[in-house]
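The values are calculated or read from the model by the stated rules, or taken from the named source; none is laboratory data. What you see is a predicted model, and the numbers here were worked out from it, not measured in a lab. All Cβ positions, glycine included, derive from the backbone under ideal geometry; neighbour counts span all protein chains shown.
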Amino acid sequence: MRTRALVITVTTALAAGLTLSGCSLSGSGDDTSTKGSGQVVLVTHDSFTLPKELKAAFEKKTGEKLVIRQSGDAGALTNKLVLTKDDPAGDVAFGVDNTFASRALGAGVFADYTPADLPAGADAFDLPGDDGKKLTPVDNGNVCVNVDTTWFAAHHVAAPATLDDLTKPAYKNLFVTPGATTSSPGLAFLLATVAKYGDPSTGSGQAGWQAYWKKLLANGTKVVDGWEDAYTVDFTQGGGKGSRPIVLSYDSSPAFTVAGGTSTTKALLDTCFTQVEYAGVLTGAKNPKGARELVDFLLTPQVQAALPDAMYVFPVAKGTPLPADWAKFAVQPTNPWTVSPQAIDAHRDEWLRTWSDLVSQ
C-alpha cells in the first residue's frame, strides 16, 4: 500500500509565537461581514493565514474585498461545507485535504474549475479521481514522528528510525502523539499505520494496524488531544518541561528548532504521511468570478513563496524558493505512506471507532 505519490495539512507552528491545536494556527481576524457587493468570501480552517500585503494585493488587483471565514480544522471545515452545500457560507474554500476531499466531492460541494495557468509541478498533486477539475492543489507537507536528538545524545541511546522501533522496550514511555479523533495530524499518523501494517477487515495485512497500536500503547505511548499539547507540553524540545523526546509533528518542524547552525530535532522520514491542501470554487457561490480569481491568486509566485513562513507548509509550485533553514533542515520523505482518498472515505469512520476503542482500553 506504499506509494511515491505526494498527497497536508498545515504543518507546525514552532516560532514567532504562533500555536497550533490539532491543525490550527492563529487566524487572521478578518471582518466576516458579507453585506454589500464586490466581495469574495473564503471559507477555510483556523490554520489559514495570509500576509496583509498579499491580501491587499489581491484586493487591489481584482477590486474585490476578501472576507475570510475560519472554521476549525480540516475535518470540521469539510463537515461544514457538506452541511451547507445547498446554501454555501462563501464563494471559495481552502484547506480541504486528501484525507477528507472525497467526502466533499461526493457531496457535490465544489463546482468545476481549473486554473488556466497552473504553475509547473502543481499537477503532480492532483487528487486521484478529480484531476484538478474541481480541487486545485495549493500546498503540501508531511506528518512525521520527530525526535529530540539532543536528548538521545545526552542519554547515550540510539534514536528510533521506524514505526516498528516505537514499540521496542528502549522507547517505553518516550512517545507522545495527538489523538486521531481530535486532531488532523493524529488522523494522519493513524493512516500511516494503516498503510504500513494493513487492515485485515479490508483484506490487506496480516496482524494489521490494530495489532500495531496495541503494541504501541502497551509501550507507554501517550495520547493527547492536539498537536499543541503533544509538542509544547510533553515534548522535551517543545519549550516547556516535557519529558518525552519522541513526538508526532511535521517534516518542517526541524527548521524551527535551529540553534548554533544545527537543528536539535529530526523528522523520521520512514514514518511520514503526506497531505495536500486544496482550494475550490463552491457550488452555488454568490461570486464565482471572485472565487476563481482567488484560486488563481493562491498559485501566484508571491503567495507560493509566502507559504513556508506564513503556514509552515511546502508550496506546490516547482522551483519556489524556500527559507534558508527549510532548505537545510526541512527534509521531505521520498517514499511517504499514503492511503487512497477512496479508501479513507470508505473506512475513516470505522477506523476511528476502532482506534478509539483501543485507546480507551
TODO: Consider G186 carefully, then state whether it is of a type outside the set (K, R), surrounded by 24 or more Cβ atoms within 10 Å (Cβ to Cβ) and touching a Phe, Trp or Tyr at 6+ places or on another chain (Cβ under 6 Å).
DONE: no
- [ ] Within the range 239-295, track down each residue that is among the basic types (K, R), outside the structural domain of T162 (by TED's automatic domain parsing) and either in contact with a Lys or Arg (Cβ under 9 Å, 6 or more places away or on another chain) or in a loop (DSSP other than H, G, I, E, B) (or both).
- [x] K286
TODO: For the range 147-163, indicate whether the set of residues that are in a strand (DSSP E or B) and in contact with a Leu (Cβ under 8 Å, 6 or more places away or on another chain) is non-empty.
DONE: yes
Open item on the list: I'm trying to understand the selection: among the residues of the range 235-292, which are within 20 Å of G179 (Cα to Cα) and of a type in the set (K, R)?
Closed with: R244
Task: Check on D91, under 22 Å from P341 (Cα atoms), among the acidic types (D, E) and crowded, with 23+ Cβ neighbours inside 10 Å - done: no
Task: Criterion: acidic (D, E) and surrounded by fewer than 18 Cβ atoms within 10 Å (Cβ to Cβ) - qualifying residue of D139, D225, D199, D148 - done: D225
- [ ] Pairs only if they're at least six apart or on different chains, beta carbon under 6 angstrom, first in the range 343-361 and in the same structural domain as G208 (by TED's automatic domain parsing), second in a helix (DSSP H, G or I) and of a type outside the set (F, W, Y); list them, first residue then second.
- [x] D345/S102; D345/R103; W355/L190
Open item on the list: Among the residues that make up the range 223-242, is at least one of them within 23 Å of the chain's Cα centre (by Cα), within 15 Å of L163 (Cα to Cα) and of a type in the set (V, I, T)?
Closed with: no
Open item on the list: Within the range 338-352, does at least one residue satisfy the condition of being outside any helix (DSSP H, G or I), more than 19 Å from the chain's Cα centre (by Cα), buried (at least 17 other Cβ atoms within 10 Å of the Cβ) and not hydroxyl-bearing (S, T, Y)?
Closed with: no
Open item on the list: Here is a list: T99, T149. Which entry is closer than 28 Å to S263 by Cβ, assigned by TED's automatic domain parsing to the domain that holds G208, in contact with a Lys or Arg (Cβ under 9 Å, 6 or more places away or on another chain) and of a type in the set (S, T, Y)?
Closed with: T149
TODO: Evaluate the range 202-209: report whether one residue or more is part of a helix (DSSP H, G or I), in contact with a Ser or Thr (Cβ under 8 Å, 6 or more places away or on another chain) and surrounded by 21 or more Cβ atoms within 10 Å (Cβ to Cβ).
DONE: yes
Task: Residue match in the range 182-198 (condition: among the aliphatic types (A, V, I, L, M), modelled with pLDDT of 95 or more and part of a strand (DSSP E or B)) - done: no
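Okay, residues lined up against (1) modelled with pLDDT of 95 or more; (2) surrounded by fewer than 24 Cβ atoms within 10 Å (Cβ to Cβ); (3) in contact with a helix residue (DSSP H, G or I) (Cβ under 9 Å, 6 or more places away or on another chain):
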| position | (1), (2), (3) |
| --- | --- |
| A5 | no, yes, yes |
| T9 | no, no, yes |
| A13 | no, no, yes |
| L18 | no, yes, no |
| D46 | no, yes, yes |
| A57 | yes, yes, yes |
| I68 | yes, yes, yes |
TODO: Assess whether Y231 counts as being assigned to a helix (DSSP H, G or I), over 30 Å from P119 (Cα atoms), touching a Gly at 6+ places or on another chain (Cβ under 6 Å) and aromatic (F, W, Y).
DONE: yes
